[in-house]
Amino acid sequence: MMYKRTQDLLDTMYDTEPETTIKLINERVDIWGVRSSPLTFAYENFMYEFIAKPASQKFLNTIWYNSLAPDIIPWAKVQNAEI
């Protein structure tokens, strides 16, 4: 039940303030002497539903695609192959 509330909170935050939510997902804080971010905590504790949320995916896409649109990568590969 608590986990469902966490997911709902993340969705609501992303709907109202997407940029702030994406920044907060990777913000590292100290809790009980452990320094971690929400996304790292979710990964280390097998909370894949949290990682699958749109806010988490948007953050990970900026890392994986270097802030490019995900659909531009196949286009760039095709363009380079034709040269």
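We did not get these values from a lab; they are worked out from the coordinates using the rules stated. Just so we're clear, the structure is a prediction, and the values are computed from it rather than from any experiment. No Cβ is skipped: glycine too gets one built from the backbone with ideal geometry, and neighbour counts run over all protein chains shown.
Scoring 52-58, 28-34, 8-14, 42-48 by mean Cβ neighbours within 10 Å over their residues and listing the highest first yields 52-58, 8-14, 42-48, 28-34. For Thr21, neighbours were defined as the other residues whose beta-carbon sits under 15 Å from its Cβ, and their charges (Lys and Arg +1, Asp and Glu -1) total -3. Computed over the range 1-51, the percent of Cα pairs more than 12 Å apart is 67.
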